[in-house]
Structures are given as structure tokens and as C-alpha cells.
Amino acid sequence: MIQNIENIELHYLTLTDYKQLKEAMIEAYSSMPDSYWKEDQIKSLIDKFPEGQVVIKINGELAGCALSIILDYDSFDDQHTYKEITGAFTFDTHDEDGDILYGIDVFIKSEYRGLRLGRRLYDYRKELTEKLNLRGIAFGGRIPNYHKFATSLSPKEYIEKVKRKEIHDPVLNFQISNDFHPSKILKGYLEGDENSGEFAVLLEWDNIYYEKKSKKAVSNKKVVRLGLIQWQMRLYKDLDELMEQAEFFVDSVSAYRSDFALFPEFFNAPLMAAYNHLPESEAIRELAKFTPEVVQRFSKLAISYNINIITGSMPEIKDELLYNVGYICKRDGSVERYEKLHVTPNEARVWGLQGGNQLKTFDTDCGKIGVLICYDSEFPELSRLLADEGMDILFIPFLTDTQNGYSRVRHCAQARAIENECYVAIAGSVGNLPKVNNMDIQYAQSMVFTPCDFSFPANGIKAEATTNTEMILIADVDLDLLKDLNKFGSVRNLKDRRKDIFELRKK
């Protein structure tokens, strides 16, 4: 797997990509020499359906590709071949008025495998299918390992064993894990595919939002899925074990196609147990030494699981001073930093924490977001400044030891959602750490808050976790509803401010 990933981008395919594309195809189909697409064929695809041809680039280099066309599916036989589907490889079968997105090709270069880039390509196809109001996706999936079992198993028996995990087939396993269901076996599908015995499995994905009689494009709602992690404090023997648990949760929320994963404040505090013999102020400085590696590992998880990770917070030493900071590890490979501006009297007295100075919003592929760590949520000026910068979602990682401490964060967070016409997600830790001084017990209930108006829940609560229980919380938030609220809401907190008598600005 490639290291030092700086940027991951999804682009429409262009002819300038052809040289790299050809090299990738030759590698991907080494068992079928001369099976790569010629330049004039790629040009034809791009001319007919540019939205259907996409590539993933890592650090500017082509890493994977997905090609597709739209078909009037009922005009084809159930037992079709690849040659028939592609119109003898001319793609004249593409029909803008068709109802099925048909996958022509998809592959990832070998050095980029393991980063779950294929999932990104299939997620794009699903989103495109919904956008174009198509009935679904279909394609003939190769079964490249079938030749190893052809003498003892029929294609049907082989597929059943793959579905039961008795046989590993890299292509079919991947398709099934991405919500595609096998519908039939296609005989003689791809000429020359000896590894598959020229068999293929017709795989399909149904668009549940498809409206058969509608001729309009589906409205492009910006629906963002949030994954909140209510973290159980427990002892871990080392960083590897703690990050194994963190990856488990990232995997869990990404399996639901979440766009964000939110961790709590000081979720990595259990690692201080090894330094409990030291004064608290020294123990937390030892914990700060883990922060660079934790951030690096989270960035890799964000890329691998195709999710934006809000890392909660961690101690960090800068110019010999101790700060409480967090990082936004984006799925495109970039990383941004935020700081806790207000430290509690206990944090200053016991740990020697300093308040930070940076307050800003962050642009993401799911809108503009802000992050306030715990106590900062209790200062309404901060979130208002972020709202003035266009914040759609406010994330609040917190750590509270008592119910009254939690109630301060919870009620202030809900107020921030109402007064700033935004969504607010809060996530905290539960459980106890008897072997870590100043971190004995935790109290939390993670939640997602909304403004209170007709388009939102009447009580302003979109979703809530069970109190003091380790779990994840998944919630969808529609950013377009915020725009409607700002223009047409029953009350309009941002528009109706009396700027003639007061103002708020950063120094």
C-alpha cells in the first residue's frame, strides 16, 4: 500500500488520463492480454456520457477508474453478453432516456488496494443513479477464481459457497459487501475470460428513491450522515490496542456510509494509566507524546474508510506550553487543527492547560463545519462567530464527570443549534478509569440537535444515545433545510439580529 498520501480526488475521466489508464488496465487484466480499451473507445464513452466516467487520483496519479453507460434495460435479453451490452464495444447502446446505469469497467491499481477506493467509486455510481433517477445499477461481475473449482463445482454452487464465505472470490466478495445482489449467472459473458470460464454473475443494486413516472432529475439534497461515538473508558495496554478499538468504531459508522465520525474529548486518556505514578501535570505531558502518531493513524483511517474523522481532543505541547487540541482528518487526505479556547479551572490547576487562540470554520465535502471542545460550547459568542462564517454543523466533543456538568454542555449545545440555525452534534465518554488520577468517572449522553421549526423535530432533538452506555449514534441531517429555515423560518435568529445596536467580531 502506498505511503505518504497527501491528496485523494475523484475526477471525471479525460483523454489526458489515457496513458495512465492504459497502463492500469494492462496490469488489472494481465490474464487477458490486449483486453484494454483503446483511446478512441474511451473518447466515445466520454463524449456520450461524461458523468459516467470517473477516476480516483492519489497525489495526482491515477489510482482507479469506473466506466459506465445508461441502458434501456428491457431491450436486452436476460442472458446478454458483454459484447451485446456495449454494442460491440462502440457504446452505441448508451441511451440517455434509459433506466439502468450499467457498469462497463471498474478497477484499482494494485499499489492502491487496501484503501477502500473501490467503495468510493461505487458510492459515486449510487449517488449518480439517485441523481439521474435511474432504476438501479447492473453489471456482469467476473468470478476470476472459478477456474480453481470448475471441475468440482457448477457456477451456481461456486457462488453459493462464496456467499457463505467458504470460498474467497475477490471480485464477487467485494460486490456483495457493497450491497449488490447476484440475480443470475451469465454464460459466455466475456469472451477470453478463461479464469471465469467465461461465466459472469449479473449483479444488481436497486435505487429505493426511484420514481418511475418522473422525468425530472432528483433534487440534489445535501443530506449528511453523522456517526457519533460514545466511547467507553477502559484500560488499554498500549496505543495499538486503543487504536484498534478506535478503528472498530470508525469501521462501524462507515459501514452505515456516515460522512463524519466524532470522537469525544480526551478519548485517549486511558493511556495515562502507565504514568499514574507521576504528578497529574507530568502524566498528561507524557500522554501528549502520543498525539502526533494518533493523528497520523486517524488520517490513514479517514482515507481507508472514506470518512471524515473529528478526533475529539488530545493534549499537545507547543513551545513548552500544554494545549487541548483536536484534528479534522478528512477523507481526501488533508488534516486541519482546532483548539480549546477556554480551559476549566480544574484543567488549569491540575494539568496546567493553556487556552488556545484559533477559532475558525472548516470547509469539507459535506458543508462548512465548526468544532468547539466541551467548555467552549458554553460561550455563545464563539458559535455565533462560526455561524457568521457560514457554519452548517457544529461538533462538540466533550468530557464530563457528573450529570450537572453534562447538563451544562447538553443545554448549551441545544441553544447553539437554535440561535445559530445549525445542527449540533455532541459526543462524550462513559465509564471509569480508577487507575488514572483526575479522570475517575465519566457521564455522557451523545446527541444531535436541530433548530426548532416545522421542518425539524419539535423538541429539537434529531437523535440521542442511551445514557452512560458504549454505543454509536447515526443521524442524517439535511443542509438544505437550514437554507430554507434561514429564508422562511417561523423565526430567523441570524437575520433578525439588531446589528444597529450591537455587533460581534473577532479581534
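Modelled label-to-label distance, Q79 and Y209, 7 Å Cα→beta-carbon offset: nm?
My value for the distance between the label points is 3.8 nm.
Cα-based Rg (one decimal) and Dmax (whole number) for the stretch 25-82, in Å?
Reported Rg and Dmax, both Å: 14.1, 42.
Assigning unit charges at the beta carbon (Lys, Arg +1; Asp, Glu -1) and nothing else, what dipole magnitude in debye, to the nearest 20, does the stretch 370-506 show about its Cα centre?
Computed about the Cα centre, the dipole is about 280 debye.
Treat every Asp and Glu Cβ in the chain as -1 and every Lys and Arg Cβ as +1, leave all other atoms uncharged, and give the resulting dipole magnitude about the Cα centre to the nearest 20 debye.
Value, rounded to 20: 1000 debye.
HN-Hα J couplings of the stretch 93-108 from phi, Karplus 6.51/-1.76/1.60, θ = phi - 60°, integer Hz, Gly and Pro as x?
Going residue by residue, I get 6, 4, 9, 4, 9, x, 10, 10, 7, 9, x, 8, 7, 7, 7, 10 Hz, with x marking Gly and Pro.
Principal axis extents for the stretch 8-206, Cα atoms only, whole Å, descending order, please.
Answer, in whole Å and largest first: 46, 39, 29 Å.
Can you list residues whose amide H is under 5 Å from L433's amide H, if they're 5+ apart or on another chain and H is modeled 1.01 Å from N?
I441
Output the Cα-based Rg and Dmax of the stretch 87-127 in Å, rounding Rg to one decimal and Dmax to a whole number.
Spelled out, the Cα radius of gyration and Dmax of the stretch 87-127 are 13.5, 38 Å.
Just to check I understand the Karplus step: with θ = phi - 60° and J = 6.51 cos²θ - 1.76 cosθ + 1.60, what whole-Hz values come out for the stretch 42-58, glycine and proline as x?
The phi angles translate into 5, 4, 5, 4, 4, 5, 7, 8, x, 5, x, 10, 10, 10, 9, 10, 10 Hz.
In nm, to one decimal, how far is the modelled label at E282 from the one at N432, with both set 7 Å along Cα→Cβ?
2.7
Net charge around A348, counting only other residues with Cβ within less than 13 Å of its Cβ (Lys, Arg = +1; Asp, Glu = -1)?
0
With 26 Å as the limit, write out which pairs from K48/K126; K43/K156; K131/K165; K22/K212 have Cα-Cα distances beyond it, or answer none. Don't jump to the answer; show the numbers that get you there.
Values: K48/K126 19 Å; K43/K156 37 Å; K131/K165 34 Å; K22/K212 38 Å.
Check vs 26 Å cut-off fails for K43/K156; K131/K165; K22/K212.
May I ask you to evaluate 6.51 cos²θ - 1.76 cosθ + 1.60, the Karplus curve with θ = phi - 60°, for each residue of the stretch 161-175 and list the ³J(HN,Hα) values in order in whole Hz, giving x for glycine and proline?
5, 5, 5, 8, 6, 7, 10, 9, 10, x, 7, 5, 4, 5, 5
Among residues other than R164 whose Cβ falls under 14 Å from its Cβ, what is the net charge (Lys/Arg +1, Asp/Glu -1)?
0
Just to be sure I understand: of the beta bridges DSSP finds with both ends in the chain, what percent are antiparallel, rounded to 5?
Given both bridge residues lie in the chain, the antiparallel proportion sits at roughly 70 percent.
Could you list T129, T151, T344 in order of exposure, starting from the residue whose Cβ has the fewest other Cβ atoms within 10 Å?
Going from least to most buried by this count: T151, T344, T129.
So for the pair E464, N173, with labels modelled 7 Å out along Cα→Cβ, what separation do we get in nm?
Inter-label distance under the simple model: 4.3 nm.
Non-local amide H neighbours of L359 (under 5 Å, H modeled in plane, Pro and chain starts lacking H): which ones?
Placed amide hydrogens put nothing under 5 Å from L359.
Evaluate the Debye formula for the stretch 328-415 with equal point scatterers sitting on the alpha carbons, no solvent, and hand back log10 of I(q)/I(0) at q = 0.14, 0.15, 0.21 Å⁻¹, in q order, two decimals.
At q = 0.14, 0.15, 0.21 Å⁻¹ the computed log10 ratios are -0.53, -0.60, -1.07.
Any chance you could list P(r) for the stretch 223-488, counting all Cα-Cα pairs in 5 angstrom bins from zero, rounded to whole %?
Whole-percent P(r) values from 0 Å outward: 1, 6, 14, 19, 21, 18, 12, 6, 2, 1, 0, 0.
Ranking R135, R416 by Cβ neighbours within 10 Å, fewest first, what do you get?
Values: R135 17, R416 28.
Sorted ascending by nearby Cβ count, the order is R135, R416.
Kindly put I373, I42, I501 in sequence by how many other C-beta atoms sit within 10 Å of each C-beta, fewest to most.
Details: I373 26, I42 23, I501 6.
Final ranking by Cβ density, sparse to dense: I501, I42, I373.
Calculate log10 I(q)/I(0) of the chain for q = 0.09 Å⁻¹, where I(q) comes from the Debye formula with a single equal point scatterer on each Cα and nothing for solvent.
These q points yield log10 I(q)/I(0) values of -0.73.
Return the whole-Å distance between the Cα centroid of the stretch 247-278 and the Cα centroid of the stretch 171-195.
Value for the Cα centre distance between the two parts: 38 Å.
What are the residues whose amide H is under 5 Å from the amide H of F139, where those residues sit 5 or more places off or on another chain and H is modelled from the backbone?
Close amide H contacts, sequence-distant or interchain: G103, L203.
Tell me, what is the FRET efficiency for D72 and T151 to the nearest 0.05, using R0 = 35 angstrom and their Cβ-Cβ distance as r?
0.35
Only the coordinates and a few stated rules stand behind these numbers; no lab work does. Just so it is clear, the structure is predicted and the values come from calculations on it, not from any experiment. Note that each Cβ is placed from the backbone with ideal geometry, even for glycine, and that neighbours are counted across all protein chains shown.
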